[in-house]
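In what follows, a structure is listed as structure tokens, so that the remarks can point back to it.
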């Protein structure tokens, strides 16, 4: 695993997230559930806890956009880049953007599974860089995994716990 | 009908875009800069090949190009 060089980690354990808009590929409930479960992947192994807010600025702002979406890192249309996220810092830090020119899916291998893409991006939101381990969630290329049996790979657990420590409730 | 660009040109374009976005390759400013960019591209290709544990040649081979074409996260692989 790898972490961003510098002190890129949240100084608090209670973080907020807000879903600013939705993809037309999935129902609102499916997007909500995918995002919630993607954050829970990280909460399960750390002291981090996530609360959803519906207005105002959250630590992790989540949105779907296409091409130039005004953050200086334009998307490239279908395939190629699927999403990106910023490491922890005030403002844009922590925010996750998904390329809405992709086709996202809920529980099928068709399209790009939003839960898997989001879980990867939230790794960046919390301070992880890309891993060189091809089996890691934080490996940069997309690989479909069975989401019913998904468990956060050891490399990712080690990475996130190097920043925040283990879950005290387990 | 329109003439398709040579395959080699398309490959270079894919590689240049990939390395510019993810490995900090400076955008080619002019024709005069081409040699410098090609040198920079070779270094960035080596970085990328090292990251993905490919054969480190600094050249755009098929294996490297295949990795570049895979769907992926848009965050750079190296500290930027």
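Exactly one residue out of A:1, A:17 is buried (at least 19 other Cβ atoms within 10 Å of the Cβ) and within 14 Å of chain B (Cβ to nearest Cβ), and it is A:1. Might you let me know whether segment A:54-61 holds any residue that is assigned to a loop (DSSP other than H, G, I, E, B) and surrounded by 15 or more Cβ atoms within 10 Å (Cβ to Cβ)? Yes, segment A:54-61 has at least one match. Give the number of residues within segment A:128-159 that are within 19 Å of residue A:25 (Cβ to Cβ) and either within 13 Å of chain B (Cβ to nearest Cβ) or surrounded by 24 or more Cβ atoms within 10 Å (Cβ to Cβ) (or both). Result for segment A:128-159: 2. Tell me, which residue of segment B:50-80 that is surrounded by fewer than 18 Cβ atoms within 10 Å (Cβ to Cβ), touching a residue at least 40 places away in the same chain (Cβ under 8 Å) and within 13 Å of chain A (Cβ to nearest Cβ) is nearest to residue A:112 (Cα to Cα)? Checked segment B:50-80; the qualifying residue nearest to residue A:112 (Cα to Cα) is B:69.
Candidates A:93, A:77, A:72: the one that is surrounded by 15 or more Cβ atoms within 10 Å (Cβ to Cβ) and part of a loop (DSSP other than H, G, I, E, B) is A:93. Just one residue in the set A:162, A:125 is surrounded by fewer than 20 Cβ atoms within 10 Å (Cβ to Cβ), in contact (Cβ under 8 Å) with a residue 60 or more places away in the chain and in a helix (DSSP H, G or I); that residue is A:162. Each residue in segment A:97-116 was checked for being touching a strand residue (DSSP E or B) at 6+ places or on another chain (Cβ under 6 Å) and more than 18 Å from residue A:149 (Cβ to Cβ), and 8 pass.
Read-outs: derived from the displayed coordinates by stated rules, not from any lab. It should be emphasised that the depicted structure is a prediction, and the values quoted were computed from it without experimental measurement. Glycine also receives a Cβ, built like all others from the backbone with ideal geometry; neighbour counts cover every protein chain displayed.
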